[in-house]
Structures are given as C-alpha cells and as structure tokens.
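The numbers here are math on the coordinates, done by the rules we state, and not lab data. None of the values given here were measured: they were computed from a predicted structure. Please note: Cβ atoms are built from the backbone with ideal geometry, for glycine as well, and neighbour counts cover all protein chains shown.
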Amino acid sequence: MQVFVFAFLAGCVGLSVSVPHSFDLRGTHIQEPCNVYEDVTHSYRSDIYNFAITLYNAVVPRSPGLNFIYSPVSAWLTLAAIGEGADPVTRQQIFNLFNIPHDDCTRQKYYQLATSRIIVADDIKIISNRILLLDAGVTPNPTWFDIVTKNNLLDVLAGPIRHNPAVTIEEIRRLMQAELPRINFDGNSVILNKIDYNGLWTTEFAEARIERSPFYDQAGNSLGFVDLMKVTKRARLGYVKSLNARVLELPIGVNERYRMVFVMFPESKDIITEFEVLTPEIIFELLESFRESVVPVEVAIPRMVISSEIDLRTLLEDLGVTSLWNDPAATRNVSYPPALPSSFVHRTTLTLDNHGLHSPPPQPTTTHGTPTGLDPKVDHDFIANRPFLYALCDAETYSVIIASAYIEPTYKN
C-alpha cells in the first residue's frame, strides 16, 4: 500500500506517550504459530465474493442509472482493521457481516492474500491507500497499531480535526482527489479509502482502432456515443447460463498478473437486477466458463473514466453496523480516547484508454462463419456498446480489486 504523508499530518501517532488508560488486549492479538500448510485460497475467494456482492447490493440503490465503481478488497481490509480493535459485540458484527474469519490464523492468511493483490510496479498503475485519520491527541492502542501495520491493513495518521477542520478538509480533499460534499467531522477521526487504476495495456489496446459508436440501453434504444477501442485478436470468452451473460477476460501486466473481466446481459432488460441472484458459486461458474477462441475475434471496449465517492458509513449503518460511529465502548481498544469515526470516505477511480506499454503483435482478421471454438451464445465478438459490468482481478486468487457498472455513455444524446 502506497502511503501519503502530508505537512498537515503528524505522521504515525507517537506510541510512547503515556496515557491514563488500560487497554483490554484480549482478542486483539493474532496468536503464533499458525498452520502455514493450510491452503485457504478457495474459502478466501468465496468470502471476498460474498462481501463484494453485499457491498454491490448496498451501492446500487444509491447509484440509480449511473456509472459507479468501488473496491471490495480495499473496503474489506479497512473494516477488518477496525474490527481487530473493536469490542467483542462490534467485532462479531463486522466479522460476521463481511465474512472475516474469527479464527486468528485463518484471518491472518486472508490478510496476507488480500494485501498482496496490489503490487506497485511500472507495468500497472494502481494507487491504493487505507487510512485512519485520528485527531491530534488521540493515541492508538500499541497492540492494535502493531497488528494493522504489520499486516498492512491500514495506515494510522494524525491531523488537526478539531483544532483546524477547514485545513484538514482541504488536505483530505487534495490527497484523496475527493469532492467531500458531506464529510462529517463530528467525531475525533475519519476513515479514508482511495484506490485509483489507470489502465495501462501490455498487449490489449495499445494500437486499437478508435471508433465513435452508438451506445444503447438494454432495449436497443440509443443513449449516446462512446469511443470504442477495437482490436481483432484471440480472446478468452464465455457464456454463463446462470446469468444468461456473455463474459470476456483480458490479461494485463507483466506475466498477465491481472485480469479484466467484462460481463454483458444481451437477454436482459435491466442488468442491475441480474446480480440480485448472484452468489460466490455463480462467480466461480463465470470464471470457469472462459475459453480461448481458436481464431481471432473482434473485441471492443469503450474508453472511459469512472469515479465514485461513496459514504460507506451510511451503507454500513443500513447493513447493521451502528455502534462503531458513536459508542466509545465499541472502539476503546483502537485508541484513547476511543476513536469515533464520523465519516468513511471510499473513493475509486478507473481510467481505461488505448495508451499501452508495448505494441501488440499483428493479428489476422477473421470472418463470421469461421468456427471460434466458443459457446454458440458467445458468437464471434464482444462489443461493449450497451450497459456492462466490469471487474479488475488478480490472476492468482481472482480477488475483486475493483468492480464497476458502465451504464451511461460518454457522450449523451
């Protein structure tokens, strides 16, 4: 996780400061040794998918008819960090609701898997930050601080929230590139999430043909126009019977260590409702449906910039996490005085364009009628000229790093 340190922040709060408070450390320490031979990858993926679905169903009602985007992994890690220092009731509430294992060793392995999904490198541009910003004078619990920093869950910083809220808001707005129209500073802390992805391609769209094309709704009515990046190449496509969906997987990065997954619903009138029946098992079915075409097929994806800023506090309250924000007993093991986060700003940005790192090798063209080796429902192309869902995953675990819905075109009628 890349860490921002700004002038208005005092850095990590001094842990050597003596305070007249005794933390109850029971349940806040991951015991060693753990069973290093147990493979938890499958259960981790299933639990992350469950959380992604829960968050998706909470985000959708707040984004009617709009393009939206969020980061399940980033939000999950942040909530896990807060849960590590919560009182038993709040901790159980968070862990149960968001599929965070209660077993210490399993949870630590989940953390290792989740935090290693985003690697800073030249071939992929992803900036990810998870921050608990405490008011100056609020001191973290040393044991909790040790857990969240050693497991790379969260950065703990200090700022003049009460003393100079105006400056704090401006600095947060700058470092998060966020609008913060309704940030709440009633408490003594705020939770900040940021993840930005800039789509750098290695072999996908570096030399794509850019064509301005109509963009339709599910009924076939024109909504406006998009700039489609078109390539003809062998690609991994599939058909998911449970969703009546066509899917496309594009590899990106050195050694193809990330995957972009696109989902279209040609037989549906409303793509949002299609995911109401989604389960981790259906996601596994989706991933297992991919087959590489035996001949090149046409692939077209819009150039896009999607940015969403979500107040996760409101979503979490609706899901039943209520004591975290204003009950000192809930966070007494996080800090002294107890951290009372009045806002949880979750900001995600996705930029996809045709600027790549390496030019793709030339691909022969194909014509309709040539067998592709794919499910007949897939046909000979994947043209994203109507609403679709998108996810950025890593190639090892297929954790959902970013999830998005593209519903509105760039240029509206």
Kindly write out, for segment 119-136 in residue order, the coupling ³J(HN,Hα) from the Karplus curve 6.51 cos²θ - 1.76 cosθ + 1.60 (θ = phi - 60°), rounded to whole Hz, with x marking Gly and Pro. 10, 6, 7, 6, 8, 10, 9, 10, 10, 10, 9, 10, 9, 9, 9, 9, 5, 4
For segment 51-63, in order, what is each residue's ³J(HN,Hα) by Karplus, 6.51 cos²θ - 1.76 cosθ + 1.60 with θ = phi - 60°, in whole Hz (x at glycine and Pro)? 5, 4, 5, 4, 5, 4, 5, 7, 6, 3, x, 8, 9
Net charge, residue 167 excluded, C-beta distance under 11 Å - Lys, Arg +1, Asp, Glu -1: 0
Pairs beyond 27 Å (Cα-Cα), from 125/412; 125/269; 194/241; 125/233; 233/269; 194/233: 125/412; 125/269; 194/241; 233/269; 194/233
Where a ≥ b ≥ c are the square roots of the eigenvalues of the C-alpha gyration tensor, would you call segment 34-97 rounded, which needs a/c under 1.5, or, failing that, prolate if a/b is larger than b/c, or oblate? oblate
Under 15 Å from the Cα of residue 150, which aspartates and glutamates turn up, not counting those fewer than eight places away in the same chain? 32, 84, 104
³J(HN,Hα) computed for each position of segment 318-324 - Karplus, 6.51 cos²θ - 1.76 cosθ + 1.60, integer Hz, glycine/proline x: 5, 7, x, 8, 10, 6, 4
How many nm separate the modelled label positions at residue 327 and residue 121, each set 7 Å beyond the Cα in the direction of the Cβ? 4.4 nm
Stokes-Einstein D in µm²/s, Kirkwood radius over Cα pairs - segment 29-183 at 37 °C with 0.692 mPa s viscosity: 187 µm²/s
Length gained if residue 307 through residue 143 is fully extended, taking 0.36 nm per residue and subtracting the Cα-Cα distance, is 55.5 nm
Quick one: Debye curve from the alpha-carbon atoms of segment 213-280 only, equal weights, vacuum; give me log10 I(q)/I(0) at q = 0.25 Å⁻¹ to two decimals. -1.21
